[in-house]
Amino acid sequence: MKIAFVGKGGSGKTTLSSLFIRHLAANEAPVVAVDADINQHLGAALGLDETEAAALPAMGAHLSLIKDYLRGTNPRIASAETMIKTTPPGTGSRLLRVCEDNPVYEACARTVRLDDGDIRLMATGPFTESDLGVSCYHSKVGAVELCLNHLVDGPEEYVVVDMTAGSDSFASGMFTRFDMTFLVAEPTRKGVSVYRQYKEYARDFGVALKVIGNKVQGQDDVDFLRDEVGDDLLVTVGHSDWVRGMEKGRPTRFELLEAENRMSLQTLQNAAEDSYAHRDWERYTRQMVHFHLKNAESWGNAKTGADLAAQVDPAFVMGERSAVPQPS
């Protein structure tokens, strides 16, 4: 399953995504975690120290390698230079899988050892001083989108993406790449404002959206969230001494996380697993093509000097049996 964590800055989405990743690892699920947030805090939330977090390779810095590998022998893509973040796979493209070794993972992923298992961690890379005034952060996140477009995952495999804060992910079609989107909201008017934006944008694309109420202190907070988001409220999370210790750099073993919070994380996993039954690879492919054609027309054709609509393979449908990855 592909899972996104979204929410306004400071809502706690990175903390909750890291807890969910730890929970999955404890349940022996294969996990690829992706930090797609400009602030790049997921590594630290998973227990990396400052040096280790800073040493994570930036996906954006390996974009040429990613394009070269994913293009494979697809005859519709003349060169890696004509690939953009929305380029869809077709016959001859290489696909990524959660449980495999490939040049993209070798360059861009690092193994993180958690209490109960290992996960792969990838990161877009921070917004650097050299980017100021000349780059858009969406160009860095484009490496994530391109990989998601070419990633095939099964029912017991997880790709968990900590998204950029606010509604920035709607600047591209990446918000449609997920089986489930968990929106972290505090019980405040500002806390639910991003929910309203997501709900409005996602409505026409069949995006599965559930709300995690965070920093909830009592029934009044629960009632407020229920009034604001209705049945989309999946679960609420309150104070955690375990999380407070983690944030101070002194985490105890994950098995000591409070029982009620462990139950909340299991509720998230149950919802994610339920979403897999509604996965529609044809719709997934159709939406991928839709956003590619929009990007091609608005800027991609002019930037690459090519007709990017010709990259669409009308006979290709993304799916678990759509292609076998080629040898590197």
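Applying a 10 Å radius around every beta-carbon, put 215-222, 58-65 in order of their mean neighbour count, most first.
58-65, 215-222
Output the 0 to 90 degree angle, nearest 10, between the alpha-carbon long axis of helix 137-149 and the longest principal axis computed from the alpha carbons of the chain.
Computed tilt is about 80 degrees.
At residue 156 and residue 51, where each label point lies 7 Å from the Cα along Cα→Cβ, what is the point-to-point distance in nanometres?
In this crude spin-label approximation the distance works out to 3.8 nm.
Percent antiparallel among DSSP beta bridges with both residues in the chain, to the nearest 5?
Expressed as a percentage, antiparallel bridges in the chain total about 20.
May I have the extent of the alpha carbons of region 1-74 along their three principal axes, as whole Å values ordered from largest to smallest?
Taking the Cα atoms of region 1-74, the three principal extents are 41, 28, 25 Å.
Is the shape of the chain rounded, prolate or oblate, going by the alpha carbon gyration tensor and its root eigenvalues a ≥ b ≥ c, with a/c under 1.5 for rounded and a/b larger than b/c for prolate?
prolate
Work out from phi, with θ = phi - 60° and the Karplus expression 6.51 cos²θ - 1.76 cosθ + 1.60, the ³J(HN,Hα) of each residue of region 101-111, listed in order in whole Hz, and give x for Gly and Pro.
Values per residue, Gly and Pro as x: 10, 7, x, 5, 5, 4, 7, 10, 10, 10, 7 Hz.
Please report the carbon-and-sulfur percent of the accessible area for region 183-313; probe 1.4 Å, protein heavy atoms only, DNA, RNA and ligands left out.
47 percent
If you bin every alpha carbon distance in region 1-157 into 5 Å steps from zero, what whole percent lands in each bin?
2, 9, 18, 21, 21, 15, 9, 4, 1, 0
What is the gain in length, in nm to one decimal, between residue 227 and residue 78 on full extension, counting 0.36 nm per residue of separation less the C-alpha to C-alpha distance?
Extra length from residue 227 to residue 78 when fully extended: 48.4 nm.
What percent of all Cα-Cα pairs in region 170-328 falls in each 5 Å bin, counting up from 0?
1, 7, 13, 14, 15, 14, 11, 9, 8, 5, 2, 0
State in Å² the accessible area per residue of the chain; use a 1.4 Å probe, count heavy atoms of protein chains only, and round to the nearest integer.
For the chain, the solvent-accessible area averages 45 Å² per residue.
So if we plug the beta-carbon distance of residue 277 and residue 204 into 1/(1 + (r/R0)^6) with R0 = 25 Å, what FRET efficiency do we get, rounded to 0.05?
0.70
For region 188-269, divide the Cα radius of gyration by the Kirkwood radius and give the resulting Rg/Rh value with two decimals.
Reported Rg/Rh, Kirkwood definition of Rh: 1.03.
The values are calculated or read from the model by the stated rules, or taken from the named source; none is laboratory data. Just so it is clear, the model here is predicted, and its values are computed rather than measured. Positions of Cβ are generated from backbone atoms using ideal geometry, with glycine treated the same way; all protein chains shown enter the neighbour counts. Just so you know, the surface numbers come from the protein's heavy atoms only, side chains and all, with ligands and any DNA or RNA stripped out. Shrake-Rupley method; radii C 1.70, N 1.55, O 1.52, S 1.80 Å.
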